[in-house]
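Take a look at the structure below.
The values are calculated or read from the model by the stated rules, or taken from the named source; none is laboratory data. A quick note: this is a predicted structure, and the numbers were derived from the prediction, not measured. Note that we place each Cβ from the backbone using ideal geometry, even for glycine, and neighbour counts take in every protein chain shown. Remember, those area values only see protein heavy atoms, side chains included, never the ligands or the DNA or RNA. Shrake-Rupley method; radii C 1.70, N 1.55, O 1.52, S 1.80 Å.
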Amino acid sequence: MKIAIGCDPNATEYKKVLIPFIEGLGHECVDFGSDDPIYANTAVRLAESVAAGECERGILICGTGIGVSIAANKVKGAYAALVNNVYQAQRAQLSNNANIITMGSQVTGIELAKCLVKEYLGLTYDPNSRSAPKVARIVEYENEK
């Protein structure tokens, strides 16, 4: 898969560790940078790319993961989930069809982050799952606007 990754300046080193890890899992990384101190700019650019299908999934990182999640979710077609544990990383994909995950470099250790990324990228949403009507309603609401 083609994976978009971006962060704020505080998470640059974190991202530098994740990119070769993701590539080692067999994915291609598209780096959306880490120089812009306004993390919303990076989050929106990355989310637009994922929503447009240029990248299949995305990973965003800031101090807590909250800010980039809020920013990315403003983009139509972007569904960003903040993940803090393996179960959330799994359910982001399996239950919610999230096309972006977000993490906090100041609250999530890098080894845990690797586990979260591996779980998230290793799963595929089942459109026939019991969560499908819930996900469909989110998309339906978004399209009403």
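Among the residues that make up segment 87-99, is at least one of them at pLDDT 95 or above and either closer than 18 Å to ASN10 by Cβ or of a type in the set (Val, Ile, Thr) (or both)? No; the residues of segment 87-99 include none that is at pLDDT 95 or above and either closer than 18 Å to ASN10 by Cβ or of a type in the set (Val, Ile, Thr) (or both). I'm trying to understand the selection: among the residues of segment 1-24, which are touching a residue at least 24 places away in the same chain (Cβ under 8 Å), out of contact with any helix residue (DSSP H, G or I) (no Cβ under 6 Å at 6 or more places or on another chain) and either assigned to a loop (DSSP other than H, G, I, E, B) or farther than 20 Å from THR108 by Cα (or both)? Of everything in segment 1-24, those that are touching a residue at least 24 places away in the same chain (Cβ under 8 Å), out of contact with any helix residue (DSSP H, G or I) (no Cβ under 6 Å at 6 or more places or on another chain) and either assigned to a loop (DSSP other than H, G, I, E, B) or farther than 20 Å from THR108 by Cα (or both) turn out to be MET1, LYS2.
Every listed requirement among (1) open to solvent by 50 Å² or more (accessible area, probe 1.4 Å); (2) at pLDDT 95 or above is met by GLY67 save one, (1). For segment 127-145, which residues satisfy the criterion of being open to solvent by 70 Å² or more (accessible area, probe 1.4 Å) and charged (D, E, K, R)? ARG130, LYS134, ARG137, GLU140, GLU144, LYS145, listed by residue number.
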